[in-house]
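**Student:** Pasting a structure here, questions to come.
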Amino acid sequence: MSEQQHASAKHHITGFVLSLLLTFAALFLALNTPLSVGLKLTVIIVLAVFQMLVQLVYFMHVTEGSKIYQIISFSYGIFVAVCVVAGSIWLMLLNGMSMY
Amino acid sequence: MGLFNFKMPEHFIIMNNPLIIGAWISIILVSVGIVFFVTKYKKWGYLWREWFTTVDHKKIGVMYILAALLMLFRGGFDAILMRTQLALPDLKVLDAQHYNEIFTTHGTVMILFMAMPFIIGLMNVAVPLQIGARDVAFPVLNAASFWLFFVGAMIFNISFVVGGSPDAGWTNYVPLAGSDLTPGVGINYYLWGLQIAGIGTLATGVNFFVTILKMRAPGMTLLRMPMFTWSTLITSIIIIFAFPVLTVTLAMLTFDRLFGAHFFTIDAGGMPMMWANLFWIWGHPEVYIVILPAFGIFSDVISTFARKRLFGYNAMVISMVAISGLSFIVWVHHFFTMGNGPWINSVFSITTMAIAIPTGVKVFNWLFTMYKGRIETPAPMLWSLAFIPNFLIGGVTGVMLASAPADYQYHNSYFLVSHFHYVLIGGTVFGCLAGMYYWWPKIFDFKINERISKWAFWLFVVGFNLCFVPMYLVGLQGMPRRVYTYGEHMGWTTWNFVETIGAYLMGVGFMLIVWAIIYSILHEKRDRSGDPWNGRTLEWAISSPPPHYNFSRMPSRVTSADPFWDAKKRGETMFDENEPLKPIHMPNNDGMPIVLSGFMFIAGFGFVFEWLLIGFIGLLGVIGSMIWRSFKDYDADHYVQVDEIERDQAELKAALEGRS
């Protein structure tokens, strides 16, 4: 067990602070800026992608360990995320439009 | 809504019904009795040291299974009440509101607080032993998972006596479950009970994923793992990806109800259908979370009692991987009738039907495993044999339901109710019982009595079919689900009466299972040698019950998927006895998980009643517990010394010789 590498506290705290900053940026944007809804949504989605990267790099050790596991789990994650997000949007949009 | 607002609901203590007064009396008597006897026999210290603070996966598994059996009793009692109300037309056993509450708690309790802990309990008991590990990867997190589940279950279960039960169905659809149409605390109980238990389950998923990938014995490649371990691995992956959706969805509805947000409201841009959408994005993978481990159990049990290698090992694995992928692209079949349009319904019809392919592959593999086998039928095998035809009925009706145009007919009728009971009882419950019977003589040093168990089995299975075959028929005649009564002129009386008889038989079957356990604790023959079934996999190579460190030496001869069977064939054991014993690195017991979960209870209770101050105090306690734990991380483990291992071995040897 002793040869196991532990990430430094600094590493964890950096990740924690970054993730909080991104969260509060989205909140501030939604509540206190005069931007249009479309622009707000776009910026929030960009922030979400950065949030994902922060989580992957600082907490989920995407840079370490066996490549093949990383690739498999990452592609499965992308698959589920796309199904959930794109599926929901598809459903909700078509549901609003179908008049029969 | 302020921080210091402590408004009381209209009825804080529920006492408006003789049934509930009876429940109060029994709750108080049982609690007082437990406290009295534990104090009288001075067992508090024992309970705290050996159970409340334990990080041993076997003990945690036992607690999970015990809790699951309790919840099976509670959910079963709800079912009996419903069947009593519906036995004849126009009965007045339950009123409409009480019936709504009971079908809601029946569904939620059975899925979240019975099936899940039963499955997770069996994983805890068996998986580390099957892969040759000494505990799970994160033992303290594992204890936290259990206690969070337990607190979630308790919060949900006190609802019917304190403040009022949820009554919007286990799917909790908005707008009915929104604060406009259902004010009060019932739905909050649902949200917080599930939220807290769900966090525990998510942690379990991570835990077993890492355990299986990182802690296998030397020689155990992925394709040599027992099928139950494989199913646990796949299930863990589904948990990791599905449960966050539940967490977020519950949090969104909580924000709607407590803080006036508009995620799911009808006005102000909310999307009520989004609840159904998100609920089933979690909910459909959830049904695979409870069925795949059962498939794993059946695979292990059937190959053990057919005395044959599992037929089509690789096909089994590929099928499960396929199911895990498909599980995320079928969720819309739960609401075909919400007006999605033909495009969407067609796509999800096809993906749903595709699931029948890997499942069918598995069914054929079980049949071919038994083909030309020397089949024995002790209790675990009986449940596995009953599973195949019963699950098949559930599966075939599932394919019928998958066809979207036909679903407009079946939707919301008793046909659907019967379908999911055939897969959940015929699959999950039979699997859990098979697993319990199978691994019981591993966790303890005795089997569950065969004679009583066979009676229980036949009563339960016959009762099950008596109860649910008529539901298909009465469903096709148009009886909708969730109605609290029906008129004589509908012509549903005979079938409903038969269903009720079946439900009572299942109740008797359950009581006999409990009686068999009690009888066996008192009278069944003890055997510590550890291989009562002539098993095939690693867990049977060690004594029963195993020492707390499981393996005194690491198994070193894993050369196939049935390593213990092959070793027995060669006249070997799984261990290299000449290798000197080494000190074993083990985790320390820890009180943090139960304290953290206690704070979680306070938080949950506070937020249920919308007493924000109490809720936030509870959450502070939760965070404080985690911070406290992070500072004492440095004395989290100890070594079991060689002389203790030798003492255990000598004691086991004496026990085995005394027997023969």
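Here, each number is a calculation from the coordinates, and none is a lab measurement. It should be emphasised that the depicted structure is a prediction, and the values quoted were computed from it without experimental measurement. Neighbour counts are summed over all protein chains in view; Cβ atoms, including those assigned to glycine, are modelled from backbone coordinates with ideal geometry.
**Student:** Name the residue farthest towards the positive end of the dipole of the stretch B:498-634 from the options B:LEU619, B:GLY604, B:LEU522, assuming +1 on Cβ of Lys and Arg, -1 on Cβ of Asp and Glu, about the Cα centre.
**Tutor:** Most positive-ward Cα: B:LEU522.
**Student:** So, one more: Direction-averaged shadow area of the convex hull around the Cα atoms of the stretch B:242-393, nm²? Walk me through the numbers on the way to the answer.
**Tutor:** Working: hull surface 44.6 nm².
If I average the Cα hull's projected area over directions, I get 11.1 nm².
**Student:** Straight-line reach from B:LYS442: which aspartates and glutamates have a Cα under 13 Å away, not including same-chain ones fewer than 8 places off?
**Tutor:** The qualifying aspartates and glutamates are B:ASP527, B:ASP531, B:GLU539.
**Student:** Still on this model: If the convex hull of the alpha-carbon atoms of the stretch B:525-619 is projected onto planes in all directions, what is the mean projected area in square nanometres? Display every interim value, and only then the final one.
**Tutor:** Values: hull surface 43.4 nm².
Reported value for the Cα convex hull: 10.8 nm².
**Student:** Quick one: helix B:592-608 against the long Cα principal axis of chain B, what's the angle to the nearest 10°, folded into 0 to 90?
**Tutor:** With both axes taken from Cα atoms, the answer is about 0 degrees.
**Student:** Order by neighbour count: B:TYR41, B:TYR486, B:TYR190, fewest other Cβ atoms within 10 Å first, most last.
**Tutor:** Working: B:TYR41 9, B:TYR486 19, B:TYR190 28.
Final ranking by Cβ density, sparse to dense: B:TYR41, B:TYR486, B:TYR190.
**Student:** Work out the mean other chain Cβ neighbour count within 10 Å for the residues of B:509-522 and drop it here as an integer. Numbers along the way, then the final one.
**Tutor:** Values: counts 0, 0, 0, 0, 0, 0, 0, 0, 0, 0, 0, 0, 0, 0.
The mean count of partner-chain Cβ atoms within 10 Å per residue comes to 0.
**Student:** Can you tell me the 0 to 90 degree angle between the C-alpha axis of helix B:430-443 and the longest principal axis of chain B, rounded to 10?
**Tutor:** Roughly 30 degrees between the two axes.
**Student:** Using only Cα atoms and rounding to the nearest 10 degrees, what angle (0 to 90) does helix B:414-423 make with the longest principal axis of chain B?
**Tutor:** For helix B:414-423, the angle is close to 10 degrees.
**Student:** Same structure again: Using +1 at the C-beta of Lys and Arg and -1 at the C-beta of Asp and Glu, which of B:GLY373, A:ILE78, B:MET227 has the Cα lying farthest in the positive direction of the dipole of the protein assembly as shown?
**Tutor:** Farthest towards the positive pole: B:GLY373.
**Student:** Hey, another quick one. Which value, in Å³ per residue, describes the convex hull spanned by the Cα atoms of the protein assembly as shown? Walk me through the intermediate numbers first.
**Tutor:** Working: hull volume 133.2 nm³, N = 760.
In the protein assembly as shown, the Cα hull volume divided by residue count equals 175 Å³.
**Student:** Quick one: 3J(HN,Hα) in Hz for the stretch B:298-309, Karplus 6.51/-1.76/1.60 with θ = phi - 60°, rounded, Gly and Pro as x.
**Tutor:** 4, 4, 5, 5, 5, 5, 5, 8, 8, 6, 9, 4
**Student:** Moving on to the next point. Exposure proxy check: B:TRP170, B:TRP230 ranked by fewest other beta carbons within 10 Å? Don't skip to the answer; put the middle values down first.
**Tutor:** On the way: B:TRP170 19, B:TRP230 25.
Lowest to highest Cβ neighbour count: B:TRP170, B:TRP230.
**Student:** While we're on this one: So if I place +1 on the C-beta of Lys and Arg and -1 on the C-beta of Asp and Glu, and nothing else carries charge, what would the dipole magnitude of chain B be about its Cα centre? I want it in debye, nearest 20.
**Tutor:** 1400 debye
**Student:** So how do B:TYR484, B:TYR472 line up by other beta-carbon neighbours within 10 Å, fewest first? Mind dumping the intermediate values first?
**Tutor:** Values: B:TYR484 19, B:TYR472 22.
Ascending number of Cβ neighbours within 10 Å: B:TYR484, B:TYR472.
**Student:** Still on this structure, I have one more. Just the Cα atoms of chain B, one point each, no solvent: what log10 I(q)/I(0) does Debye give at q = 0.07, 0.09, 0.11, 0.12 Å⁻¹?
**Tutor:** The Debye formula, applied to the Cα set alone, gives -0.46, -0.77, -1.18, -1.42.
**Student:** Jot down the radius of gyration and Dmax of the stretch B:1-290, Cα atoms only, both in angstrom.
**Tutor:** Expressed in Å, the Cα Rg and Dmax of the stretch B:1-290 come to 20.7, 65.
**Student:** Would you compute, from DSSP H runs of 4+ residues alone, the mean residue ellipticity of chain B at 222 nm, taking -39500 (n - 2.57) per run and dividing by the full residue count, rounded to the nearest 500?
**Tutor:** Working: 21 runs with 421 residues, N = 660.
So the calculated ellipticity at 222 nm is -22000 deg cm²/dmol.
**Student:** If I model a spin label as a point 7 Å beyond the Cα along the Cα-Cβ vector, how far apart are those points for B:THR171 and B:TRP24 in nm?
**Tutor:** It works out to 3.5 nm between the two label points.
**Student:** Return the distance in nm (one decimal) between the two label points of a simple spin-label model at B:PHE255 and A:GLU64, each offset 7 Å from Cα along Cα→Cβ.
**Tutor:** 3.3 nm
**Student:** What is the Cα radius of gyration of the stretch B:51-177 over 2.2 N^0.38 Å, N being its residue count? Can you show the working numbers first?
**Tutor:** Numbers: Rg = 17.6 Å, N = 127, 2.2 N^0.38 = 13.9 Å.
Against the compact-globule rule of thumb, the ratio is 1.27.
**Student:** The stretch B:244-272 to the stretch B:127-146: how many Å between their Cα centroids?
**Tutor:** The distance from the Cα centre of the stretch B:244-272 to that of the stretch B:127-146 comes to 35 Å.
**Student:** List the pairs from B:LYS43/B:LYS653; B:LYS525/B:LYS653; B:LYS308/B:LYS362; B:LYS525/B:LYS569; B:LYS42/B:LYS447; B:LYS372/B:LYS525 whose alpha-carbon separation is above 21 Å, in the order I gave them. Each step should come with its number before you reach the end.
**Tutor:** On the way: B:LYS43/B:LYS653 29 Å; B:LYS525/B:LYS653 18 Å; B:LYS308/B:LYS362 16 Å; B:LYS525/B:LYS569 27 Å; B:LYS42/B:LYS447 29 Å; B:LYS372/B:LYS525 32 Å.
Among B:LYS43/B:LYS653; B:LYS525/B:LYS653; B:LYS308/B:LYS362; B:LYS525/B:LYS569; B:LYS42/B:LYS447; B:LYS372/B:LYS525, the Cα-Cα distance tops 21 Å for B:LYS43/B:LYS653; B:LYS525/B:LYS569; B:LYS42/B:LYS447; B:LYS372/B:LYS525.
**Student:** Right, another one. Using only the alpha-carbon atoms, what does the stretch A:1-64 span along each of its principal axes? Please give whole angstrom values in decreasing order.
**Tutor:** Its Cα atoms span 54, 17, 10 Å along the three principal axes.
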